[in-house]
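Notes follow once the structure below has been shown.
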Amino acid sequence: MSTSPAAPGDHAGRLGGERSGPSLPDLMAGATFVAFGLAFAIGGSQYDVGTALRMGSGYVPIALGGLLTFLGLVIVVASFRGVDPTVANADRGPIPWQRMGLLVGAIMFFGFTVGGLGLGPSLLVTTFLAALAGHGTRPGRAAVIAIGLTALCLGVFVFALQLRLPILGDWLGG
Amino acid sequence: MDGILLGLEVALQPSNILICLLGVTLGTAVGVLPGIGPTATVALLLPITFSFDPVASLIMLAGIYYGAQYGGSTTAILLNLPGESSAVVTALDGHQMAKQGRAGPALATAALGSFFAGTVATVLVALFAPPLASAALKFGPADYFSIVVLGLLASIALASGSAVKALAMIVLGLLLGTIGQDGFTGVPRFTFGVREMYGGLDFVSLAVGLFGLAEIIRNLEHRINPSLVTKKVEGLWLTKEDFRRIRMPVLRGTTMGSLLGVLPGGGHVLASFTSYSLEKRISKNPEQFGRGAIEGVAAPESANNAAAQTSFIPLLTLGLPAHPVMALLVGAFIIQGIQPGPDVIETEPELFWGLIASFWIGNLLLVMLNLPLIGLWVRMLSVPYSVLFPAIIAFASIGCYSLGLNSWDVFAVAAAGLLGYFLIRWGCEAAPLLLGFVLGPLLEENLRRAMIISRGDPSVFVTRPISATLLALALIIVVAALLPSVRQKREVVFSGEDD
């Protein structure tokens, strides 16, 4: 971790927008690693741990989970000492929560419905939701994009590549 | 020699030439799209290749990879939007050349330099891979464990940014790799009782999420209006003076790239950065660099492509991926029922030599295709992002679903994308995570095997000479990466990325 003095313009990365306090990106990264490390270590302890000679299924996850927790703590501690310059210098806008939600929703919708609705209808909704995430894309334009992309994908995947995916699914009697 | 002839015989079959051509074209077409780097391109196009037989599918993948690299350089030069860190340096002078109306020569330099470097590096792979593979056959589980550790730790030294974060990303990748059925005992781990998760997280989903979806969310932070400097590229040909100027940089870049490409973790990134700074240092007119010096395009492009080629050496001889694209190729090998490693030359000579011969053919096709077709690629560049990213979402969803008709593979894309977006935003690079994920099972399996053979004595890792040497190397790399003086140099090398 770098202990170099904070670069100008990094105040957005600090808690409360003040010059003092932990560097928020580093703190969050460290906390994420601690959370994952603990989750894997605790989850791994439900399996047979075994011995160093005959390691059980839990041995490696517990060891690595512990290591990740330790590394996460190191990053958390370091976050109080200075900002990682690669984060501080990055020109980042605010997190686009809505657009992100639309994209994730589009993908999840596809996963849930592609089997039941079939490729055609499922893809139409997915591309429509995804297109809505664009800057300045209104529903009308998103619908046009969705229809065009669905036709393109059906052409590429079903007709050209012969993937055996039903265009209409069971739910629609296809 | 017999090997190369066998390879040419395989690669020159009309169907395989066609496959290679298709791969190169698709790779360039997708790779040229702004915001999609080579890794995302290969991950997105991977599902398409699975409908072919193993040799054809790997030839196509290699073609996609070169095409994507070339496409990435085109985007870097014309739009100043490098798709991946290895193209960042190309953008420095290449985009300046384009602004001065010399986009044609810049693109031609990139293509010719890449072709030369690719040719030399292919010969190197053919020369050095077989002896290395037969040496690797002597490796025991302890040695394998140590070489994986070396590979993973070396990727930290080459990652930009915080070394501790890179290490944490590797460990997180290793942990994600333990999800699914335990290869030793058959116990399903971290599957929450979901049968579809027994096979583990799908690596294509992870790669598409980390490098595709995360990148899209990042791009949506701002309204992006890439300014195409030129709608038309004219005057592709280089002058005699240009040829004279690029000759030595191409040679030096090729040498540097061939050597550094073998390094795990990101040798190709390092290769393009070092060869650029070398040219700048020895140039008589260093002030021209950054203002459209043709040497500043020739050297890193050659280095980049040579490294792309020689990074196949650890993959084909040890089964170790040197960077994320190679990690995707490991997955492709495994899906085709081939375990990449030292045996591949013996058990699948057609595949091994066919692949090597098609490297060269792929490079040749790139030069022959891309310069005449440049007008088409420029048109691809003008596809608006508002249409492009929903298309990527659609392709990613269908591609990941079609691999196993498993909805969980699609959900994994969303999860990996969210995880990747936030971690990248918080200053953690995604590449070490993917490397850890792919190498995790290999690491665990060899660790457990080595411990059984040594009857639970961990000293086996330092008493076997091969293993001890590898671990010592790994230690040196970690210490070096943490030393203040080297850290500063690393920051200087990577500081170019912020420009």
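Can you tell me the 0 to 90 degree angle between the C-alpha axis of helix B:240-261 and the longest principal axis of chain B, rounded to 10?
With rounding to tens, the tilt is 10 degrees.
For peptide B:209-216, how many partner chain Cβ atoms fall within 10 Å of a residue's Cβ, on average? Intermediate values should be presented prior to the final figure.
Details: counts 1, 0, 0, 0, 4, 0, 0, 5.
Average neighbour count from other chains, rounded to a whole number: 1.
Just the number, please: buried accessible area between A and B, total of both chains, 1.4 angstrom probe, nearest 100 square angstrom. Walk me through the numbers before you get to the answer.
Numbers: alone 11510 and 20950 Å², together 26300 Å².
In total, chains A and B hide about 6200 Å² from solvent.
Distance between the C-alpha centers of the stretch B:179-200 and the stretch B:24-53? Whole Å please.
Each part's Cα centre sits 30 Å from the other's.
Would you mind giving the average projected area, over all directions, of the Cα convex hull of the protein assembly as shown in nm² with one decimal? Working shown, then result.
Details: hull surface 115.2 nm².
Result: 28.8 nm².
Using a Förster distance of 51 angstrom, determine the FRET efficiency expected from the C-beta separation of A:Leu53 and B:Phe128, and round it to 0.05.
0.85
Within 10 Å, at most 12 other Cβ atoms, and a DSSP state outside H, G, I, E, B define an exposed site. Report the longest part of chain B free of exposed trypsin sites (Lys or Arg not before Pro). Write down the numbers at each step before the final one.
Working: sites that count: B:Lys138, B:Arg223, B:Lys231, B:Lys232, B:Lys284, B:Arg455.
Counting at most 12 other Cβ atoms within 10 Å as exposed, the longest clean stretch of chain B is B:285-454.
At a temperature of 10 °C and a viscosity of 1.306 mPa s, determine how fast chain B diffuses translationally according to Stokes-Einstein, using the Kirkwood radius over alpha-carbon pairs as Rh; express D in µm²/s, rounded to the nearest whole number.
Result for D is 70 µm²/s.
Grab the Cα-Cα distance for B:Tyr198 and B:Leu482, subtract it from 0.36 nm times how many residues apart they are, and report the gain in nm with one decimal.
Numbers: separation 284, 0.36 × 284 = 102.24 nm, distance 3.84 nm.
Length difference between fully extended and current span is 98.4 nm.
What per residue convex hull volume, in Å³, do the alpha-carbon atoms of the stretch A:69-162 yield? List each step's numbers first, then the result.
On the way: hull volume 16.6 nm³, N = 94.
Here the figure is 176 Å³ per residue.
Tell me which of B:Thr274, B:Leu46, B:Ile424 sits at the most positive position along the dipole axis of chain B, charges placed on C-beta atoms (Lys, Arg +1; Asp, Glu -1).
Working it through, the farthest residue towards the positive pole turns out to be B:Thr274.
For peptide A:164-172, what's the mean number of Cβ atoms from other chains within 10 Å of each residue's Cβ? Let's see the in-between values first.
Working: counts 2, 4, 0, 0, 0, 0, 0, 0, 0.
Averaged over the peptide's residues, the number is 1.
Run the quick spin-label model on B:Val187 and A:Trp97: label points 7 Å from Cα toward the beta carbon, then report their separation in nm to one decimal.
Placing both labels 7 Å beyond Cα along the Cβ direction yields 4.1 nm.
For B:181-187, what's the mean count of beta carbons from other chains sitting within 10 Å of each residue's beta carbon? Mind showing how you got there, number by number?
Values: counts 1, 8, 1, 6, 7, 1, 5.
Rounded to a whole number, the mean comes out at 4.
Helix-only mean residue ellipticity at 222 nm, chain B, DSSP H runs n ≥ 4 weighted -39,500 (n - 2.57), per residue, nearest 500. What is it?
Roughly -23500 deg cm²/dmol at 222 nm, from the helical runs in chain B.
Against the longest alpha carbon principal axis of chain B, how many degrees, from 0 to 90 and to the nearest 10, is the axis of helix B:103-136 turned?
30 degrees
Evaluate the charge dipole of the protein assembly as shown about its Cα centre and quote only its size in Debye, nearest 20, assuming +1 on the Cβ of each Lys and Arg and -1 on the Cβ of each Asp and Glu. Kindly include the intermediate steps, with their values, before the conclusion.
Values: 37 positive and 38 negative charges, 257 e Å.
Computed about the Cα centre, the dipole is about 1240 debye.
Would you mind telling me the share, in percent, of accessible area of the protein assembly as shown contributed by carbon and sulfur at probe 1.4 angstrom?
Values: 17310 of 26300 Å².
The C+S portion of the solvent-accessible surface of the protein assembly as shown is 66 percent.
Eight or more residues apart or on different chains, and alpha-carbon atoms under 24 Å: count the Lys pairs in chain B matching that.
11
Could you give the accessible area per residue of the stretch B:1-136, probe 1.4 Å, as a whole number in Å²?
Values: 3960 Å² over 136 residues.
On a per-residue basis, the stretch B:1-136 sits at 29 Å².
Can you list the residues of the stretch B:240-261 with backbone N under 16 Å from a point 7 Å past the Cα of B:Gln288, pointing along Cα to Cβ?
Residues B:240-251 qualify, since their backbone N sits under 16 Å from the label point.
For the charge dipole of chain B, defined by +1 on Lys and Arg C-beta atoms and -1 on Asp and Glu C-beta atoms about the Cα centroid, which residue among B:Val123, B:Phe395, B:Gln69 has the Cα displaced farthest towards the positive pole?
After comparing all options, I get B:Gln69.
Which whole-angstrom value gives the distance between the alpha carbon centres of the stretch B:316-354 and the stretch A:105-148?
Using only Cα atoms, the two centres lie 37 Å from each other.
Modelling each spin label as a point 7 Å along the Cα-to-Cβ direction, I'd like the B:Asp2/A:Arg141 distance in nm, to one decimal.
Calculated label separation equals 6.3 nm.
Between the helical axis of B:163-177 and the dominant principal axis of chain B, each derived from Cα atoms, what acute angle in degrees is found, rounded to the nearest 10?
With both axes taken from Cα atoms, the answer is about 60 degrees.
The values are calculated or read from the model by the stated rules, or taken from the named source; none is laboratory data. All of these numbers come straight from a predicted model, not from anything done at the bench. Neighbour counts run over all protein chains shown; Cβ positions are idealised from the backbone, glycine included. For the accessible areas, the whole protein counts, side chains as well, though only heavy atoms, and no ligand, DNA or RNA atoms are used. Shrake-Rupley method; radii C 1.70, N 1.55, O 1.52, S 1.80 Å.
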